[in-house]
Every structure is written in structure tokens, then in C-alpha cells.
Amino acid sequence: MAFGRTHQQDTYLSPLEYTGPQLTLMHETMRLTHRSQGRISFQSLLQGTFSLTQNSPATANDFGGRIAYDAGWHYNWKPLPDLRIMAGGQVGTDFGILYNDRNGNNPAQGRLSFDIAASVGGIYTFHLRRRPFIARYQADIPLLGCMFSPQFGQSYYELSRGNRDHNVCFAWPVNAPCIRQMLTLDIPFRRFSLRLGYLSDARQSHVNHIKVHDIGRSFMLGFVRHFTIQSKEKQ
Amino acid sequence: MRGIRVFFYYSVLAIVMFSSCVREEEFDDTPEGNLEALWKIIDQQYCFLDYKAETIGLDWNAARTKYRQRLSPDMSRLQLFQVLCNMLAELQDGHVNLFSSADMGRFWSWKENYPLNLNDELRDSYLGKDYKIGAGVKYRILEDNIGYVVYESFTDATGEGNLSDMLYYLRLCDGLILDVRGNSGGALTYSSRLASHFTNEKILVGYTRHKTGPGHNDFSTPEAEYLEPSDGVRWQKPVVVLTNRECFSATNTFVRDMRECPQVIILGDRTGGGSGLPFSSELPCGWAVRFSACPMFDAEMNQIEFGIAPDLYCSLTEYDIQRGVDTLIEAAREVIRRQ
């Protein structure tokens with residue numbers, strides 16, 4: 001779970017930037033696979049983000065909701081005994097809506113995208129009082145994908161009637177520079193670890209002359225459980 | 001270790017590069033900043049700049065210069081609101097409004113400068129007291145077996161069932177008078193839903209476009225708009241649609257659609273227009289602005305921003321008002337009787 005603030009601008013709705021609180025719920029699983037002598041890890045990341053933002057004169061509000069899912073595979077190196085470097089890729093999808101409570105025929109903006117992202121990170125394990133603490137940094141950068149966008153002045157009324165006009169756009173870092181960064185520290189307790197962290201999630205695009213940015217920065221609080229799956233023979 | 005260093009440097013470079021912000025230029029919340037923001041919104045997103053340059057001599061660049069001269073740093077919000085409203089009035093568009101917490105800037109000359117051709121008391125006398133109400137539609141059968149339907153606003157949600165029940169009730173009438181005078185629009189869904197009960201075939205009723213960029217001429221290819229016949233009760237007898245200058249926006253589109261339906265006569269005054277689907281935006285001071293964003297055309301690709309002429313012009317006369325008669329309704333009855 002992460003609490004923070006977000007800065008949103010979507011010129012389809014307004015030329016002004018909206019700011020306000022943001023709540024993110026995240027579920028992550030990571031496990032080493034049997035591939036390449038156990039050097040390939042699989043990561044599954046489900047992220048739900050909800051925001052309530054306001055323009056600077058405080059005359060209008062945006063309500064935002066977004067669900068993103070990413071499945072990633074990383075190759076792992078161990079240059080030092082306690083340091084693991086990860087590099088790999090993710091495939092992901094992102095679905096959401098941003099609703100402005102004052103607009104008429106352009107009251108909301110829908111979001112739908114699919115992307116392939118580069119993902120890099122490092123996990124460092126250190127011990128304090130003989131207990132293992134895990135610090136992790138990860139950055140995910142979409143490199144290639146496609147996204148939905150209405151045309152510059154196209155209404156959703158037109159879209160609902162089946163009129164299409166470059167609504168599926170090719171997205172890459174030049175027109176959609178996005179990055180998600182996580183810095184976490186796992187503090188061990190008896191059966192689980194407490195996770196403290198910082199999440200920076202910048203989603204941006206500039207397609208069909210519509211500029212969008214949604215830049216959230218949050219502090220994370222969660223817990224981690226470690227599981228070991230044993231084969232029947234070993235049992 | 002060298003590999004780790006290279007990896008680290010590349011990571012930092014990538015993070016800096018992808019952290020750059022996609023940002024729209026924002027203006028200051030000053031009189032000048034608000035005027036510039038408003039001017040830019042209209043300049044890039046308003047859909048009739050070139051059309052109105054041709055028809056009414058609009059010069060949007062000149063408007064910027066003209067109204068900038070009326071600004072002063074110490075002017076009040078009220079004065080600024082007035083200057084911005086005056087600038088917007090150059091567009092002569094009823095779909096253009098500026099909203100502050102205290103006022104709504106508007107251009108209503110499209111109806112205020114013309115006779116209303118509608119008298120509510122007279123209309124009520126035709127409806128009587130035993131008329132029926134199906135959602136937002138009032139209707140009854142007149143003494144000469146002609147159905148009379150009043151639809152006062154397309155913001156009133158009306159379902160297929162309401163319309164089918166109404167037309168079934170009126171099925172034995174010799175004709176139908178559809179009175180949309182005073183209906184200044186609402187949802188296109190309701191206006192086309194009503195029109196769909198007056199055609200048996202899918203018919204071309206017009207075209208629509210939208211802006212594809214900030215240039216004045218950046219428009220999409222015109223997209224044909226068709227009226228699909230309703231699955232409910234469809235009217236097969238003569239229809240007269242009564243119009244006046246207050247028929248605006250979705251009602252203007254309704255008249256456009258009905259004009260293409262068989263056995264339909266448009267009677268009354270020219271409609272008020274308003275063929276641009278309005279979008280919203282806002283200024284640095286928080287005031288909201290509404291403007292026409294997507295132009296709609298008739299089936300011959302003509303602009304209908306300044307209204308649609310009726311098939312038969314007819315005005316409400318003072319003489320008829322005095323004797324308790326609605327000139328337009330009587331003319332419509334006569335048209336149906338002759339058919």
C-alpha cells in the first residue's frame with residue numbers, strides 16, 4: 001500500500017495541472033525459475049492506483065483510477081555475495097479512467113495500453129544484529145507498445161458511434177516516456193518482513209496532440225512473506 | 001566491477017532521460033495570462049474559426065490585440081470577466097460560454113434578436129389539461145384527429161418505450177404535429193432516438209468532423225451520420241415539425257435529421273443553429289469555458305451552425321394571439337389536412 005501525491009495533466013480535459021492525494025495498492029510475487037540454472041526470475045506485479053486531484057484555483061476535481069498488470073522475467077547476476085543485479089523485460093497492460101467533474105462533452109479520458117518494458121534492478125542483503133535486511137531498487141521503462149487515445153478534438157460521443165481516427169497509437173519513449181521506480185527496504189520480523197519503500201510512477205504521453213502526464217510519488221508500507229516450494233521427492 | 005559501474009551509469013542516464021516531463025505551457029493567473037490562455041484554447045480547439053472568418057468576418061488574431069488593450073494589471077475579476085466575455089462574443093456562438101462562480105458569459109443573440117413565435121399560454125391551451133406525459137414528452141389528440149406532441153427539452157430522458165407507447169396511442173390520427181419550439185437542445189441520443197421513429201430505412205442525415213490538431217484547418221475526414229429506423233412503433237403518416245429560433249444544438253440536429261425523413265414538413269422560423277458539439281476547458285483563474293469543438297453538417301455537407309431554414313416560414317401573429325389561436329399550429333393542421 002502506498003500513500004502519496006500525484007501531479008496530473010491531460011490536455012484533452014484541461015490545460016491545467018491537477019494535484020492531490022493518491023492511494024496505490026500493489027501485489028507482487030517474485031520467484032526464481034528453473035531456467036538457466038535458476039538465474040531467471042519471474043515477477044508478477046498488480047497495481048491499482050486511485051487519485052483525487054484538484055486544479056490550482058480549486059474550482060474543479062479529477063477522479064482517477066488505474067489498474068496495471070506487469071509480468072516480468074529477469075536474468076540475475078551475483079557480482080558480490082550479497083548483491084543481486086537483475087535485468088530483463090516485462091509485458092504489461094494498463095487500464096484506467098480520469099474523470100473531470102465539471103466538463104461537458106469531454107468529461108473523462110480513458111486509458112488503455114499494452115507495452116513491453118525494460119526492467120532493471122538490484123537487491124542487496126545486509127545483516128543487522130544477525131537479521132537479514134533486504135534493500136531493493138527497481139526501474140521499469142516501457143520501450144514499445146500501443147495505447148488508446150482519442151483524436152485531438154474527437155468526442156467520446158463520436159467514438160461511441162463507431163467513428164475511429166488514429167485511436168490506437170504506437171507508443172515508445174519519444175512520445176510516451178514512462179518510468180516506474182521502487183526503492184524498498186524489507187525489515188525482518190518473525191514470519192514476515194515489513195516493507196518500507198518509495199514509489200515513483202511517471203506515466204506520460206504526447207500523441208494526437210494531447211499531452212498527458214500522471215506523476216505520482218508515494219511512500220510504501222507493506223509486508224513480505226517468503227515461501228519455499230519443495231518437490232515431493234525432497235519431502 | 002567495471003560491468004557494475006557501466007550498468008550503474010546507464011541506469012542513471014536512463015532514469016534522467018525518462019523522468020523528463022510531458023507538460024503543456026501554463027499561463028499565469030493574471031489578466032494577461034487568462035486572456036492568453038482563453039485565446040489559445042479557442043485558437044487551437046474552436047472548430048468554426050475559418051467558417052466564421054468567411055461568413056461574419058471574424059478575425060481571431062485581431063480580437064487578441066483588441067482585447068489585450070482593455071486589460072490592466074489592477075483590474076477587478078468582474079472587469080476581466082467582462083473583457084473575456086466580450087472577446088468570446090466575437091465568435092457569435094451560443095455554444096460558447098465562460099463560467100465564473102458569479103456569472104455565465106453568453107451569446108444569445110441567435111434567439112434574442114428574433115421573434116419568439118411561441119406563446120406558452122397558447123400552447124397550453126392546445127394541450128388542455130388532460131394531455132399525457134411520457135417521460136419528457138407531452139401529447140394529446142386534437143379535435144380534428146391530429147396528434148399534437150410537445151418536446152420541450154432534449155435533456156429530458158425519453159426511452160424507446162415512451163416513444164412507442166406515445167405513437168401507438170396516436171396511431172389513428174391523420175397526422176402529427178411535433179412542436180419543438182423553445183427546445184434549446186440537450187442530448188443527441190434523445191434527439192436521434194425520437195427521429196428514428198419517422199423512417200423505415202437507414203438514411204443519411206449528415207456528416208460530422210473533429211479537429212485533428214491545433215491548426216485552424218486540421219480536421220478529420222467527414223464521417224457520415226445515418227439515422228437507423230427504430231425497432232419500436234414507426235410513424236407512417238404526415239408529420240409537421242414546428243420550429244422557432246430557440247431550436248438550438250441537439251434540437252437543430254433533430255430538425256436536420258427530420259428533414260431527411262419522408263412525409264415531414266418543417267414549419268415555423270429558422271432554427272437557432274449551434275451545430276458544434278461543445279467541449280469544456282478552463283483558465284488559470286479556474287473559470288470554465290465551453291466552446292464548439294466538432295462541427296456537424298447536413299446531408300449535403302452544408303454548415304448548419306447558423307440554423308436550418310424551414311420548408312414553410314410561418315410567424316405567430318399578434319392578431320392570432322389576441323383571439324387565442326397559435327398561427328403555427330393552425331398552419332400545421334392545414335398542411336396535414338391538405339395531405
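The values are calculated or read from the model by the stated rules, or taken from the named source; none is laboratory data. Worth saying up front: this structure is predicted, and the values here are computed from it rather than measured. Using ideal geometry, Cβ is built from the backbone for each residue, glycine included, and neighbour counts are taken over all protein chains shown. Ligands, DNA and RNA are excluded from the accessible area calculation, which covers all protein heavy atoms including side chains. Shrake-Rupley method; radii C 1.70, N 1.55, O 1.52, S 1.80 Å.
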Confirm whether residue B:93 is more than 25 Å from residue B:253 (Cβ to Cβ) and either within 18 Å of the chain's Cα centre (by Cα) or open to solvent by 70 Å² or more (accessible area, probe 1.4 Å) (or both).
no
Residue ID - farthest from residue B:134 (Cα to Cα), chosen from residues in region B:154-194 that are within 24 Å of the chain's Cα centre (by Cα) and free of Cβ contacts under 8 Å to residues at least 60 places away in the same chain:
B:189
For strands (runs of 3 or more DSSP E) lying entirely in region B:103-165, having 3 or more residues that are aliphatic (A, V, I, L, M) picks out B:146-151
Determine whether residue B:263 is polar (S, T, N, Q) and on the phi > 0 side of the Ramachandran plot.
yes
For region B:72-83, check the following and say yes or no: at least one residue is under 30 Å from residue B:318 (Cβ atoms) and either touching a residue at least 40 places away in the same chain (Cβ under 8 Å) or part of a loop (DSSP other than H, G, I, E, B) (or both).
no
Looking at region A:180-222, which of the residues that are without any contact (Cβ under 8 Å) to a residue 24 or more places away in the chain and over 16 Å from residue A:137 (Cβ atoms) is surrounded by the most Cβ atoms within 10 Å (Cβ to Cβ)?
A:189
Select, from A:63, A:133, A:95, A:126, the only residue that is part of a strand (DSSP E or B), open to solvent by 40 Å² or more (accessible area, probe 1.4 Å), at pLDDT 95 or above and over 30 Å from residue A:164 (Cβ atoms).
A:126
For region B:88-110, pairs from a residue that is touching a residue at least 24 places away in the same chain (Cβ under 8 Å) and farther than 22 Å from residue B:44 by Cβ to a residue that is among the small types (Gly, Ala, Ser) and assigned to a loop (DSSP other than H, G, I, E, B), with Cβ under 9 Å and 6 or more apart or across chains, are B:100/B:286; B:110/B:94; B:110/B:272; B:110/B:274; B:110/B:307
Criterion violated by residue A:140 - all others in (1) outside any loop (DSSP other than H, G, I, E, B); (2) open to solvent by 20 Å² or more (accessible area, probe 1.4 Å); (3) within 11 Å of chain B (Cβ to nearest Cβ) satisfied
(2)
Does region A:150-167 contain at least one residue that is among the hydrophobic types (A, V, I, L, M, F, W, C), farther than 19 Å from residue B:214 by Cα, surrounded by fewer than 20 Cβ atoms within 10 Å (Cβ to Cβ) and more than 14 Å from every other protein chain (Cβ to nearest Cβ)?
no
What are the residues in region B:303-339 that are more than 29 Å from the chain's Cα centre (by Cα), closer than 18 Å to residue B:122 by Cα and not in a helix (DSSP H, G or I), if any?
B:323, B:324, B:325
State whether the residues of region B:225-232 include one that is assigned to a loop (DSSP other than H, G, I, E, B), among the polar types (S, T, N, Q), modelled with pLDDT of 95 or more and under 16 Å from the mean Cα position of the chain (by Cα).
no
In the list B:208, B:221, B:212, B:189, which residue meets the criterion of being within 13 Å of chain A (Cβ to nearest Cβ) and at pLDDT below 95?
B:189
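Conditions tested, residue by residue: (1) free of Cβ contacts under 8 Å to residues at least 24 places away in the same chain; (2) part of a strand (DSSP E or B); (3) within 14 Å of chain A (Cβ to nearest Cβ); (4) under 30 Å from residue B:34 (Cβ atoms).
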| position | (1), (2), (3), (4) |
| --- | --- |
| B:235 | no, no, no, no |
| B:252 | no, no, no, no |
| B:256 | no, no, no, no |
| B:265 | no, yes, no, no |
| B:270 | no, no, no, no |
| B:281 | no, yes, yes, yes |
| B:285 | no, no, yes, yes |
| B:289 | no, yes, yes, yes |
Can you name every residue in region B:303-312 that is open to solvent by 10 Å² or more (accessible area, probe 1.4 Å) and either closer than 19 Å to residue A:158 by Cα or at the interface with chain A (Cβ under 10 Å from one of its Cβ atoms) (or both)?
B:303
Within region A:102-132, track down each residue that is within 11 Å of chain B (Cβ to nearest Cβ) and closer than 30 Å to residue B:46 by Cβ.
A:102, A:103, A:104, A:105, A:106, A:107
Taking into account only those residues within region A:1-37 that are within 14 Å of another protein chain (Cβ to nearest Cβ) and among the β-branched types (Val, Ile, Thr), which is nearest to residue B:22 (Cα to Cα)?
A:11
